[in-house]
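Trainee: Just dropping this structure here.
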Amino acid sequence: MDGSYHRLFPIYYRKHDKTSESSLLSIVWIVHPVVALFRVNKSQAHSIVALFPVFWKKSSLCNGNDKFHLSLLYIVPRFGFIDYAIEESPSGDEIGMRFYILLLYFLAREDGRTYVSLIYLVHPKASLLRGCFTASKSKLFMFPFIYYKRDTAKLKMALSIVWIGNPRFGFISYWSQNDGQYTHFHIPLVLWISSIDEYYQWGVFWIACAKASQSGNPFTNQNLPNGCSRISSVYYPVSLFMYYSDGQNLSHHLMPIYRYRYKTRDEAAVLWVLLGAVYLLDKQDITEFRFFYRWIKVKSSETVFVLEVNPFVSIRRKHGKSRVLILGGMCGVKDSTYGSGSTCNFCCIEC
């Protein structure tokens, strides 16, 4: 052997190999010199200095990259109460880094990502506060109090306060898509505010939500930012007060006082008052009014006119034909065509 070798069990051990340019020094060792109270191990590939259980330090060269690892208050090498590790390229650029204080703090950087954890159990992912950051994404949460996520590449953002399970269903939640083209904010059972393009959806004292498809809607998804996908559906609240608009539909109500709905495509507007006690329809050339369904009914268009005060009188005119009924039809007059004659009845007897 080209080198030297000294041993005084179990106090002292020293070995030096000139061929491999390696050496090992151990003070107070058990079973094997590597298991020692104090150890210095050097070779062409690495250098290790350890004082059990105070610190363990290793410097090495792997695939041309410099690696450094330091553990303080350790039981097993590379796993200390305080631990720091870093890898650098030959040019000095950082490839990866990790630092932690066991169960209290964790920080790591690799592949362009940065991870941060505060107060964790077993694994840093199971932490009270955790963050993940890249050039285009940011994610931070403190379970179950705060959740924040932002993706600048996909132009999305979400924020929730007091959440369990899905952060979108937090006590207070806000999210946006397509750089604010579609936004949403809610406080459960109290307030709902959302928007798509310049159209809004409001709700006060809501208990659930419903979905409205945007497929074929010519008023939304018209000026999308580059790389953004269309919004296929819009959610709106089932609430005491509700306002909904998406360009082709407009609806608002205050239950049970009134409800109003307008469809742009059909040019139709409908108004209900007191759960339908008063009903009003305005659709293109048709106007219709009802009171308590058909107790009083008035309908008018270019070809039709209807007036009913049930059960007293009913007047109907349609396409040149007219009819007048009294007391539910006991008495009445029918005019088949203008100027061609008419018939009447009295007590259901035609005369």
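Bear in mind these aren't lab numbers, they're just calculated from the coordinates by the rules spelled out. As the structure is a prediction and not an experimental result, all values here were calculated from the model. Positions of Cβ are generated from backbone atoms using ideal geometry, with glycine treated the same way; all protein chains shown enter the neighbour counts.
Trainee: Anything in region 220-262 that is part of a strand (DSSP E or B) and of a type in the set (D, E, K, R)? List them, or say none.
Mentor: Step one: of region 220-262, the residues part of a strand (DSSP E or B) are 233-245, 249-254, 258-262.
Once the filter is applied, which keeps residues that are part of a strand (DSSP E or B) and of a type in the set (D, E, K, R), region 220-262 yields 259, 261.
Trainee: Being part of a strand (DSSP E or B), of a type in the set (Lys, Arg) and surrounded by fewer than 17 Cβ atoms within 10 Å (Cβ to Cβ) is true for just one of 125, 149. Which residue is that? Even if it seems obvious, please write down each step before you answer.
Mentor: Values: 149 fails: surrounded by fewer than 17 Cβ atoms within 10 Å (Cβ to Cβ).
It is 125.
Trainee: List the residue pairs whose Cβ atoms are under 7 Å apart, where the first residue sits in region 232-243 and is farther than 14 Å from residue 211 by Cβ, the second is among the polar types (S, T, N, Q), and the two are 6 or more positions apart or on different chains.
Mentor: 243/201
Trainee: Looking at region 181-208 only, could you name the residues that are under 13 Å from the mean Cα position of the chain (by Cα) and either without any contact (Cβ under 8 Å) to a residue 12 or more places away in the chain or buried (at least 21 other Cβ atoms within 10 Å of the Cβ) (or both)? Walk me through it before giving the result.
Mentor: The first filter runs over region 181-208 and keeps only residues under 13 Å from the mean Cα position of the chain (by Cα), leaving 182-186, 194.
The answer is 182, 186, 194.
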